[in-house]
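Readers should treat all values here as calculations from the given coordinates under stated rules, not as data from a laboratory. On a predicted model such as this, the values are computed, not experimentally measured, just so you know. Don't worry about glycine lacking a Cβ; one is built from the backbone with ideal geometry, like all the others, and counts go over all protein chains shown.
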Amino acid sequence: MSTDLSQTNDVSLRSLRAALFDSAAGQLLLAFASLIVLVAGFGIASPNFLQTDNLIGILQATAVNGVLAVASTYVIITGGIDLSVGTLMTFCAVIAGVFLTYWGYPIGVGVAAALICGALCGATSGFLIAKMEVPPFIATLGMMMLLKGLSLVISGTKPIYFNDTPDFPVIAQDSLIGYLVPSLPIPNAVLILFVVAVAASVVLRSTVLGRYIFALGSNEEAVRLSGVDTDFWKIVIYAVSGAICGIAGLLIASRLNSAQPALGQGYELDAIAAVVIGGTSLSGGRGTVLGTIIGSFIISVLTNGLRILSVAQEWQTVVTGVIIILAVYADIMRRRKT
Amino acid sequence: MTALIEVRNLDKSFPGVKALRSASFTLEAGEVHALMGENGAGKSTLMKMLAGIYSWDSGEVLVDGAPVTIAGPKAAQALGIGIIHQELNLMNHLTAAQNIFIGREPRRRFGFLDEGKLNFDAAALFRRMNVTIDPKTLVGDLTVAKQQIVEIAKALSFHSRVLIMDEPTAALNTAEIDDLFVIIRDLKAHGVGIVYISHKMDELKRIADRVTVMRDGETIATLPAQSTPVETIISLMVGRELAHAEPPKVPEIQGDEALRVVGLSRGRALRDISFSVRRGEILGFAGLMGAGRTEVARAVFGADPIDTGEIWVRGAKLKIHSPADAVRAGIAYLSEDRKRFGLVTAMDVEANISLASVMRHRRAWGFLDFPSLKALAARYVKSLTIKTPSTAQVAKLLSGGNQQKLVIAKWLARDSDILFFDEPTRGIDVGAKAEIYKLLQSLADQGRAIIMISSELPEILRMSHRILVMCEGRISGELTAAEATQETIMKLATRTHVATGTARGGAHGDEHGPVANE
């Protein structure tokens, strides 16, 4: 029993060490430093920025995008891309609405339905990519539009409100931390992002699935010729990514107290941007969940800070674009050196 | 007479490595100067300096007796130095002529391209080299040998007086090598100095005038190529006398049948391939490049589909649809292209060794059993003497020989006992080759069945208990170790189907489509 425990400790220690000191450490550090500089900069520029309310707002805004970016991280490390994460999120939210509001099932069933739906949709993308050899870009572009359309069809293009299940919006909006530390009413959505990120990071570092995610992204053919059923694992990876999109769907539905069928498109680009800013290579084989989380925060801090400084929305988009290019350029420079 | 190029005491350091130590070397006009040495000896570094790809730290380079600096590839071209890399740098979707004059296309007024002059100039180059290539052919449609000629023509188009060739015959068959040598002799006669980097001793004897041996970044000696015995050159390369103990050959292996293949066919690539291999046996697969040996291995391994054929493993008929099926049956395939098909080079030694067996080292919920994985990797690093600072070293930083051992470890960790080795010593230096041979022998002694595909006849003759020879997708003959010689193998390797049919007293292969080589 005691040996079991020490082994478990060893796993978590090892993954922690790996997370801190792996080859992407330099990029991580750079991203983290940029985040600190941004926060400090906005803090100096505007006294409102560092207000607790505003910081909590930033955390809140990052929750959904962060979870979606984690979902994208897995796929991008395999060397693929998933354009459907945004509309899949919405589709899962709509499914939750159908189960809870239309059909009156209890919350647990609605949550399970949304997660299973996410996994199935992800598996479908994975099947198209692995078995039918449709390029990931096209397969998920198709899924993106297909799911967007289905969301609108199922909901009759109208939002589905969770009026019959008042406990549902509480999931994301209430604050467990606020009960413990009344001065910090951080909503549960942020807590869920944190849990998802830690779990995703451990899976990536310490499980067979994580090992295959990196291996597929590094050299898929060598992995296939080692007797690994690469098709199966690709489908699994897209399914897991889809289930994480389901979590994002539940988060956004809970926060808005409704499933908004028209929402979702565009989220995938923010997710990809966060992943890339966090140092994950678009050509596959390298990346960390921690980096993705930092990347997500960089994007929301930028958006929030620029808005507080009354910079026009159009210019916020321009700045985000520049940041993405700089992040990728920094990564290329770093790799050239080694 | 002043040397075309004289290199004096060049030093070059890369972070953590001293790549060249006081390297010296001269190239005369009209000579073929071979540069030999194990991988990592500094041959490529030295040549990349002459080609302007690297700069040197200290020392000097004289061209026609005058000291020069070579700031970049353009400067090298201006000095008349051309290099042909092992991996060709051509654009497959452009024509031969467009490739040769890329960046220097003849123009008409207003910047319009003069395609006519382009093709005319390219044709003139080919004529000068006595080769027939249509300048308008897409490079992607040419054979590797012809592509190489395009590269040479490109180098000559810069009026190169020095041509550096890095393992130019690595991808060529015997006939193509002969053609290449004709071109080299012709260039030589026109006063071009040629630096020839190769691992193949027989080529050295056929083409080189002088040979310079490099080891650990130093130029050890320059010797006349014809009169120096091969053993002397090899011992200079490895820095020690090579043990020439031939492994005792058992005339016939009596082990149980491990693998039987019956009537394996696919289109024109594989025609009615049947063979079997016993436990403890090393079965050599000889033949020219493109004879279908790799295709046989990949088909049995499930990497490529087959039309018809049966595969029996340990007496049981199996359906193999994918590499996963084959691996489950204990079959392994070690490709000649380790980096593409064998290793995940961006990952560490441990991940590579456990790539095929990671599922056996997991705990509940798919968590990796790190202590067990580490122990596994450490065990094979030790037993195969893989030279690596740690099991956390990234695979791409290992030498070719150690990468090959890594792939072997991957399969041993999976308990594979039928192993296809495709050119097991390609790109591996002389010292490490002997180690790989010993390893193959010991794997067979442990009762594994080894199928070794090799284009190097001495290797086939030295290692195999039995030899199958392939030609044009068929097995054209089988030889015991006793009756096999380079001559008998070559005869079978060049024997086309018509001859095979009569030699076997029947034409049983005819139902498999039109006869090749018509």
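Using only the alpha-carbon atoms, how far is helix B:144-157 inclined from the longest principal axis of chain B? Give it as 0 to 90 degrees, nearest 10.
That helix lies at roughly 10 degrees to the long axis.
Throw me the Rg/Rh for chain A, computed over C-alpha atoms with Kirkwood Rh, two decimals.
Values: Rg = 19.9 Å, Rh = 20.6 Å.
Result for chain A is an Rg/Rh of 0.97.
From other protein chains only, count the Cβ atoms within 10 Å of every residue's Cβ in B:404-416, then give the mean. Can you show the working numbers first?
Values: counts 0, 0, 0, 2, 0, 0, 3, 2, 0, 0, 2, 0, 1.
That works out to 1 on average.
Which of the lysines could be linked to A:Lys158 by a straight reach, that is with a Cα gap under 27 Å, when you skip same-chain ones fewer than 8 residues away?
Correct list for A:Lys158: A:Lys148.
Tell me which residues come under 5 Å, amide H to amide H, from B:Gly287 once H is placed; ignore anything under 5 positions away on its chain.
So B:Gly287 has HN proximity to B:Met470.
Tell me the mean residue ellipticity at 222 nm calculated for chain B from its helices only (DSSP H runs of n ≥ 4, each -39500 (n - 2.57), averaged over every residue, nearest 500).
Numbers: 18 runs with 167 residues, N = 518.
That comes out to -9000 deg cm²/dmol.
Relative to the compact-globule scaling 2.2 N^0.38 Å, provide the ratio for the alpha-carbon radius of gyration of the protein assembly as shown. Could you put the intermediate results ahead of the total?
Values: Rg = 31.8 Å, N = 856, 2.2 N^0.38 = 28.6 Å.
For the protein assembly as shown, the normalised Cα radius of gyration is 1.11.
Among A:Gly43, A:Met144, A:Leu326, which residue has its Cα furthest toward the positive end of the charge dipole of segment A:24-337, with +1 on Lys/Arg Cβ and -1 on Asp/Glu Cβ?
In segment A:24-337, that residue is A:Leu326.
In whole Hz and in residue order, list the ³J(HN,Hα) couplings for segment B:262-278 that follow from phi through the Karplus curve 6.51 cos²θ - 1.76 cosθ + 1.60, θ = phi - 60°; x for Gly and Pro.
For segment B:262-278, the Karplus curve yields 10, x, 5, 9, 8, x, 9, 6, 10, 10, 6, 7, 10, 6, 9, 9, 9 Hz.
A 18 angstrom limit on the alpha carbon distance is what I want to check against. Which of B:Lys18/B:Lys382; B:Lys136/B:Lys188; B:Lys146/B:Lys200; B:Lys438/B:Lys491; B:Lys405/B:Lys433 exceed it?
Too far apart for the 18 Å limit: B:Lys18/B:Lys382; B:Lys136/B:Lys188; B:Lys146/B:Lys200; B:Lys438/B:Lys491.
Restricting the calculation to Cα positions, tell me the Rg (one decimal) and the Dmax (whole number) of segment B:290-447 in Å.
15.9, 48
Can you give me the long-range amide H partners of B:Val195? Hydrogens built in the peptide plane at 1.01 Å from N, cutoff under 5 Å, separation of 5 or more residues or another chain.
HN-HN under 5 Å from B:Val195: B:His33, B:Leu163, B:Ile164, B:Met165.
So what are segment B:430-498's ellipsoid semi-axes, whole angstrom, largest first, if each one is the square root of 5 times an eigenvalue of the alpha-carbon gyration tensor? Each step should come with its number before you reach the end.
Working: eigenvalues 116, 33, 22 Å².
Output for segment B:430-498: semi-axes of 24, 13, 11 Å.
If you wrap a convex hull around the Cα atoms of chain B, how much volume per residue is inside, in Å³? Please list the in-between numbers first.
Working: hull volume 97.6 nm³, N = 518.
Measuring per residue, one finds 188 Å³ for the Cα hull of chain B.
For segment B:5-238, compute the orientation-averaged projected area of the C-alpha convex hull (one quarter of its surface), in nm².
Computing the convex hull of the Cα atoms and averaging its projections yields 13.5 nm².
Using unit Cβ charges (K, R positive; D, E negative) and no other charged atoms, how large, in debye to the nearest 20, is the dipole of chain B about its Cα centre?
Details: 63 positive and 61 negative charges, 248 e Å.
Dipole size: approximately 1180 debye.
Please arrange B:Ser322, A:Ser155, A:Ser46 by counting, for each residue, the other beta carbons lying within 10 Å of its beta carbon, fewest first.
Least to most surrounded, the residues fall as A:Ser46, B:Ser322, A:Ser155.
Take every DSSP beta bridge with both residues inside segment B:5-238 and express the antiparallel ones as a percent of the total, to the nearest 5.
Numbers: 23 of 40 bridges.
In segment B:5-238, DSSP labels about 60 percent of beta bridges as antiparallel.
Volume per residue, Å³, of the convex hull around the alpha-carbon atoms of segment A:198-338?
Working: hull volume 20.0 nm³, N = 141.
About 142 Å³ per residue, rounded to a whole number.
Round to a whole angstrom and tell me the spacing of the C-alpha centers of segment A:182-243 and segment A:282-338.
So the two Cα centres are separated by 22 Å.
Please build a GNM for chain A, connecting alpha carbons under 10 Å apart, and tell me which residue among A:Leu225, A:Leu28, A:Leu326 fluctuates the most.
Greatest mean-square fluctuation among the candidates belongs to A:Leu225.
Can you find, among A:Leu176, B:Val230, B:Thr2, the residue farthest towards the positive end of the dipole of the protein assembly as shown? Put +1 on the C-beta of Lys and Arg, -1 on that of Asp and Glu.
Projecting each Cα onto the dipole axis, the largest value belongs to A:Leu176.
Give me B:Thr143, A:Thr101 sorted ascending by neighbouring Cβ count inside 10 Å, so fewest comes first. Before the final figure, lay out each step's value.
Numbers: B:Thr143 13, A:Thr101 19.
So the ranking, lowest neighbour count to highest, is B:Thr143, A:Thr101.
So what J values fall out for segment B:86-93 if you push phi through Karplus, 6.51 cos²θ - 1.76 cosθ + 1.60 with θ = phi - 60°, rounded to Hz, Gly and Pro as x?
With the stated coefficients, segment B:86-93 comes to 4, 8, 5, 10, 10, 9, 4, 8 Hz.
What are the lysines whose alpha-carbon lies under 19 Å from the alpha-carbon of B:Lys12, with same-chain residues fewer than 8 places away excluded?
Answer for B:Lys12, where 19 Å is the Cα cut-off: A:Lys337, B:Lys43, B:Lys48, listed by chain and number.
I need the Kirkwood Rh of segment A:70-136: take the reciprocal of the average 1/r across all distinct C-alpha pairs and report it in angstrom.
Numbers: mean 1/r = 0.0778 Å⁻¹.
Its Kirkwood hydrodynamic radius stands at 12.9 Å.
Identify, among B:Val430, B:Ser44, A:Val228, the residue whose Cα sits farthest towards the positive end of the charge dipole of the protein assembly as shown, taking +1 on the Cβ of Lys and Arg and -1 on the Cβ of Asp and Glu, with the dipole about the Cα centre.
Farthest towards the positive end: B:Ser44.
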